[in-house]
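> The structure follows.
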Amino acid sequence: MIEILHTGDVHLGKKFSGFGGFGRTLRQQVRQTFFQLLRQAPGHAQLVLVAGDLFDSNSPDPAEVRQFLRAVREIAPLPVCVLPGTHDRLSSDSVYHRAEFAAGQAPANLHLFRQDGPQTFPFERLGVAVHGRANLVNRGGEPPLKDIRPHPEARFNVALAHASVPLPQFEADQDHDYYVSRQDAENSGMDYIALAHWHRFGECFPGAPVRAFYSGSPEAVDFAGAETQGCWARVRWGEHGVSVEKVPSGCFTWRQAEADLSGQDEDAPVRQLLEQYA
């Protein structure tokens with residue numbers, strides 16, 4: 001049995017503009033939740049996948065970068081695979097071009113997709129191969145699964161993709177987004193596709209021979225539905241195939257609420273609504 005911790009859309013360093021002083025609390029909690037998830041991983045997982053947007057931008061505070069790299073070193077030799085997404089894309093100014101990520105400087109257990117085109121990390125001891133194509137621009141670019149093929153010696157092939165899919169609950173713009181269709185997924189030959197981009201957990205192509213899931217964000221970072229909480233995906237692979245479980249994580253819950261203010265001259269309805277959740 002192989003267990004994989006699949007996460008993404010972490011958004012380390014997110015500013016949370018408009019939240020005032022509470023923005024700092026949210027930023028700290030994003031970091032704390034993610035690092036706690038990493039610290040717990042060696043107890044059960046054999047592989048950690050981060051499917052894009054580890055950082056909220058390509059100019060994070062150097063402290064955010066150092067703390068992430070320290071957290072990865074602390075769980076060595078557990079492999080951590082990181083795919084550049086859209087916020088932390090592999091552009092000329094990418095955070096991943098910093099010296100801390102260079103060969104010989106980065107943790108030995110960090111496997112970063114940092115080339116133009118498909119890239120594969122085979123983990124022979126596990127019988128697993130992890131594939132991916134780094135996002136080079138914010139929107140569009142090469143299809144995430146283009147030219148990705150199963151490793152001939154791997155028993156289990158996984159692809160990372162930071163992209164949208166055509167489902168009612170997940171927006172998808174084939175002309176402008178990084179985009180994965182059901183046909184793309186089925187033609188890939190993968191056993192599992194670890195997705196990120198939309199900040200909530202969900203299966204993408206039910207009934208398809210390849211399992212494809214969004215993991216959600218480990219700590220909620222925006223309103224992604226009526227009620228949003230942090231989560232990640234526990235992926236287990238064994239003799240009976242692939243199973244995927246949503247695992248709650250994080251501290252804060254984001255809720256959307258409505259109040260009818262038509263004809264109201266006072267703020268009492270809003271005040272009552274907020275006090276209900278306070």
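The values are calculated or read from the model by the stated rules, or taken from the named source; none is laboratory data. Bear in mind that the values here come from a model prediction, so they are computed numbers and not experimental data. Methodologically, a virtual Cβ is constructed for each residue, glycine included, from the backbone with ideal geometry; neighbour enumeration extends over all protein chains shown. When the accessible area is computed, the model is the full protein with side chains, heavy atoms only, and any ligands, DNA or RNA have been set aside. Shrake-Rupley method; radii C 1.70, N 1.55, O 1.52, S 1.80 Å.
> Subtracting the Cα-Cα distance from 0.36 nm times the residue separation, let me have the gained length for ALA103 to SER91 in nm, one decimal.
Gain on stretching ALA103 to SER91: 2.5 nm.
> Run down the lysines and flag those whose C-alpha is under 25 Å from the C-alpha of LYS246, throwing out any fewer than 8 positions away in its chain.
The reachable lysines, counting only those whose Cα sits under 25 Å from LYS246, are LYS14.
> Add -39500 (n - 2.57) for each DSSP H run of 4 or more in the chain, then divide by its residues: what number comes out at 222 nm, to the nearest 500 deg cm²/dmol?
Taken over the chain, the calculation gives -5500 deg cm²/dmol.
> Computed FRET efficiency, Cβ-Cβ of ASP61 and ARG255, R0 30 Å: what is it to the nearest 0.05?
0.55
> Provide the percentage of antiparallel DSSP beta bridges, counting only those with both residues in the stretch 1-143; round to the nearest 5.
Of the beta bridges lying entirely in the stretch 1-143, close to 35 percent run antiparallel.
> Can you list the aspartates and glutamates whose alpha carbon is less than 15 Å from that of LYS15, not counting same-chain residues fewer than 8 positions off?
Within reach: ASP53, ASP56, ASP61, GLU64, ASP88, GLU219, ASP222.
> What does the extension gain come out to for GLU239 and GLU227, with contour length at 0.36 nm per residue minus their alpha carbon separation?
Gain in length upon complete extension: 0.7 nm.
> Classify the stretch 73-139 as rounded, prolate or oblate from the Cα gyration tensor: take a ≥ b ≥ c as the square roots of its eigenvalues, call it rounded if a/c is under 1.5, otherwise prolate when a/b beats b/c and oblate if not.
oblate
> Per residue, how much accessible area does the chain have with a 1.4 Å probe, in Å²?
On a per-residue basis, the chain sits at 48 Å².
> Under a crude label model (7 Å from the Cα following the beta-carbon direction), how far is GLN28 from LEU167 in nanometres?
Distance between the two pseudo-spin positions: 3.5 nm.
> Further question on the same structure: What residue among THR120, THR253, THR25 has the largest mean-square fluctuation in a Gaussian network model of the chain, using Cα springs under 10 Å?
THR25
> With Cα extents along the principal axes in Å as the read-out, I listed [x] 79, 51, 36; [y] 55, 53, 44; [z] 70, 42, 37; which label goes with the value calculated from this structure?
[z]
> If you build a Gaussian network model of the chain, linking Cα atoms that sit under 10 Å apart, which residue out of HIS44, HIS131, HIS199 swings the most?
The residue with the greatest mean-square fluctuation here is HIS44.
> Which of these, GLN40, GLN67, GLN264, has the largest mean-square fluctuation under a Gaussian network model of the chain (Cα springs below 10 Å)?
GLN264
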